[in-house]
Amino acid sequence: MSVARRRAPWLAGLTGLYLFWSLAPVLIAVLFSFNAGRSRTEWQGFSFQWYYGEPDRSVWADQALQTALVHTFRLGVLVTLIAVPLGTLMALGLDRWRGRLPTGASFLVMLSFVLPEILLAISLLFVATAVNEVLATPVRLGTLGQVIGLVTFQLSYPVIIVRARLLTIGHHYEEAAVDLGASPIESLRRVLLPLAWPAILASAVLVFADVIDDFVLVRYLSGGSTTEPVSVKIYNTARAAPTPALNAVATLVLVASLLAVLLGYLAYRRMTRGEDTRTVGIDAFTGEA
């Protein structure tokens, strides 16, 4: 490792430059959420007033910002509770199903993983508006439509991550359980699912973090101000001389996302304790290993 670093020091410099370029705007936005004045460009002192001190414009006092914040976390929880179990079941089916049909299903999963989000958003918007005038579909503008769209878009994450875990586990644990007298359902519940829990947890964390940061789908399927999450609220008010309260609500979403990833990673490390240490790093947690 040290030899490689000595031979290519520009790689470390390039990585550091990229991290600085990508993180600096975020850190500046977080910093100005603690600004004592109304300016979002000129530092006027440190204060928590935009979180709870300002009587009218703080996150604590502004009903619109609270509604956006609550709706953001509501979408994150609902989509995670729906997409992860469905994705896990689909991963189990694809792992054990053989033939052309499951091969086509696997291709569709990968296709949805790389499908442009804007394309799916426009298609669902068309279904929620024009198609509903002819056929009654469950897709509606508002929370229901947002949940359906986000589940459709996020389903590929648990399918890919859990299936990768199942491929590393193999079938010998289930076969041993069946040989010892367990039924297929019992071997699935008592053997396979506990072994797959780290991947299920990792996919849940990634889905939640991605949903609360989503913009395209939730904006196109929003049914009004009450169903606008924080990302859409920031977009709609960014050009209207907003106060640092907008930075504050964005910071709260960022902190929630980081906490979810951190707690999920710690739980993942605990669940995979005793496995090969080379396979339980952050790359394995995010599905890159």
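Computed values, structure above
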quantity: Those residues of segment 69-83 which are hydrophobic (A, V, I, L, M, F, W, C) and open to solvent by 10 Å² or more (accessible area, probe 1.4 Å), in sequence order; calculated: 69, 70, 73, 77, 78, 81, 82
quantity: Enumeration of residues in segment 109-148 that are in a helix (DSSP H, G or I) and surrounded by fewer than 12 Cβ atoms within 10 Å (Cβ to Cβ); calculated: 111, 114, 118, 119, 133
quantity: Residue ranges of helices (runs of 4 or more DSSP H) in segment 164-243 with at least 1 members out of contact with any strand residue (DSSP E or B) (no Cβ under 9 Å at 6 or more places or on another chain) and surrounded by fewer than 17 Cβ atoms within 10 Å (Cβ to Cβ); calculated: 172-179, 184-187, 193-211, 230-237
quantity: Search result, residues across segment 29-48 that are open to solvent by less than 100 Å² (accessible area, probe 1.4 Å) and either under 20 Å from residue 240 (Cβ atoms) or of a type in the set (Lys, Arg) (or both); calculated: 29, 32, 33, 35, 37, 39, 40
quantity: Cβ pairs under 7 Å, 6+ apart, first in segment 72-90 and over 21 Å from residue 228 (Cα atoms), second among the small types (Gly, Ala, Ser) and in a helix (DSSP H, G or I); calculated: 84/203; 84/204; 87/203
quantity: Single residue of 218, 205 found to be out of contact with any Ser or Thr (no Cβ under 8 Å at 6 or more places or on another chain), touching a residue at least 60 places away in the same chain (Cβ under 8 Å) and β-branched (Val, Ile, Thr); calculated: 205
quantity: Residue check for residue 66: over 27 Å from residue 207 (Cα atoms) and either modelled with pLDDT of 90 or more or open to solvent by 70 Å² or more (accessible area, probe 1.4 Å) (or both); calculated: no
quantity: Residues being over 15 Å from residue 255 (Cβ atoms), at pLDDT 90 or above and touching a helix residue (DSSP H, G or I) at 6+ places or on another chain (Cβ under 6 Å) - total across segment 24-59; calculated: 1
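The values are calculated or read from the model by the stated rules, or taken from the named source; none is laboratory data. Everything quoted here is computed from the prediction, not taken from an experiment. Cβ coordinates were reconstructed from backbone atoms using ideal geometry, including for glycine residues, and neighbour counts include every protein chain displayed. These accessible areas exclude ligands, DNA and RNA; they are computed on the full protein's heavy atoms, side chains included. Shrake-Rupley method; radii C 1.70, N 1.55, O 1.52, S 1.80 Å.
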